[in-house]
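Take a look at the structure below.
The values are calculated or read from the model by the stated rules, or taken from the named source; none is laboratory data. Note that the structure is a prediction, hence the values are computed from the model and not measured. Surface areas here come from the heavy atoms of the whole protein model, side chains and all, with no ligands, DNA or RNA. Shrake-Rupley method; radii C 1.70, N 1.55, O 1.52, S 1.80 Å.
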Amino acid sequence: MSHPAAETSSFMTDFLRQSGGVAIIDGGLATELERHGADLNDPLWSAKCLLTSPHLVRAVHLDYLEAGADIIITASYQATIQGFEAKGFSRGDSEALLSKSVEIACEARDVYYGRCREGSPDGSDDGRVLKHRPILVAASVGSYGAYLADGSEYSGNYGDAITLETLKDFHRRRVQILAESGADLIAFETVPNKVEAQAYAELLEEEDIKIPAWFSFNSKDGINVVSGDSLLECASIAESCKNAVAVGINCTPPRFIHGLILSIKKVTTKPILIYPNSGESYDGDRKEWVQNTGISDQDFVSYVNKWCEVGAALVGGCCRTTPHTIRAIYKTLPKRSAALSSQ
């Protein structure tokens, strides 16, 4: 569906109203794919599954929908044309893989709607949420650092050689393809610095992208984005971008989120989205998560209510969060269950 500029401004507010005031974003993808049996020992981790095991990607999307998610994010975070070409794929095949990430998510939504029609009338189906509701497919765009797969998406330091123009050229074709793939919006995720946010905003304008987008930054100190750039300046770029329908934070420890919401509120009138990590720390040298450093789903959920009180309108999880986390969020949002049952 296309969303001309006039409609774009009301796109997210309409969706949030239909969602009962707060919308739920899905949770982590990679860990869940591994749990379903995928082998992610590859720089292109979740993207590799688009090729080898699309049924597993679809199964994870479905798990999240059945946990109560209103927005599912495609497995394209690390899927880039340049990355696929480096693996020996042709340009055409690389572009088809990007589109496929959206097709898989759209298929999951269709299957889910089918299950809702067949599901139990009282909506309590062995713990699954089977409720026909508006569901958005967000096409994920990871940063240039995610393509490098060297951890620089967590430092935001690309070096002087990488300019605004370099970044626009890097992302241009990928954004065009995802915008035409049938997704409802583009999710610019884990944006680590100001120049990349600026590149995205200019691309949306230059390429006359017809679907809305959200901008989600990451922080490791609770004050700035990971590069050290000012969060206020980064959020202001999203605020002045006419395609942007939400701005927020992902891939960040939960303890920082409350303060970050308050900061973003100073510069934006757009809905604020929040999908943090579980709080576990990642060991970049060993390429593994450090066990028992995160918080429980119960603690995560107690944070969620506070985040919504101070202004978050879209909440979910990022790395190491699971369908259990999302189901717990679904159950904890009282406004929402009341609003849905009165529809």
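According to the Kirkwood expression over distinct Cα-Cα pairs, how big is the hydrodynamic radius of region 72-131, in Å?
Values: mean 1/r = 0.0735 Å⁻¹.
Here the Kirkwood hydrodynamic radius works out to 13.6 Å.
Seen from all directions on average, region 114-268 presents a Cα convex hull projection of 11.2 nm². Counting only protein heavy atoms and a probe of 1.4 Å, the accessible surface of the chain is 50% carbon and sulfur.
Find the centroid of the Cα atoms in region 89-115 and in region 187-231, then give the distance between the two in whole Å. That distance is 24 Å. For the chain, the convex hull drawn through the C-alpha positions has a volume of 127 cubic angstrom per residue.
Could you let me know the centre-to-centre spacing of region 35-80 and region 165-181, using Cα atoms, in angstrom? The two parts, judged by their Cα centres, are 21 Å apart.
What share of the DSSP beta bridges in the chain is antiparallel, in percent to the nearest 5? If we restrict to bridges inside the chain, about 15 percent are antiparallel. Counting 0.36 nm for each residue step from PHE89 to GLU205 and taking away their Cα separation leaves a gain of 38.8 nm.
Over the chain, accessible surface divided per residue gives 40 Å², non-protein components excluded, 1.4 Å probe.
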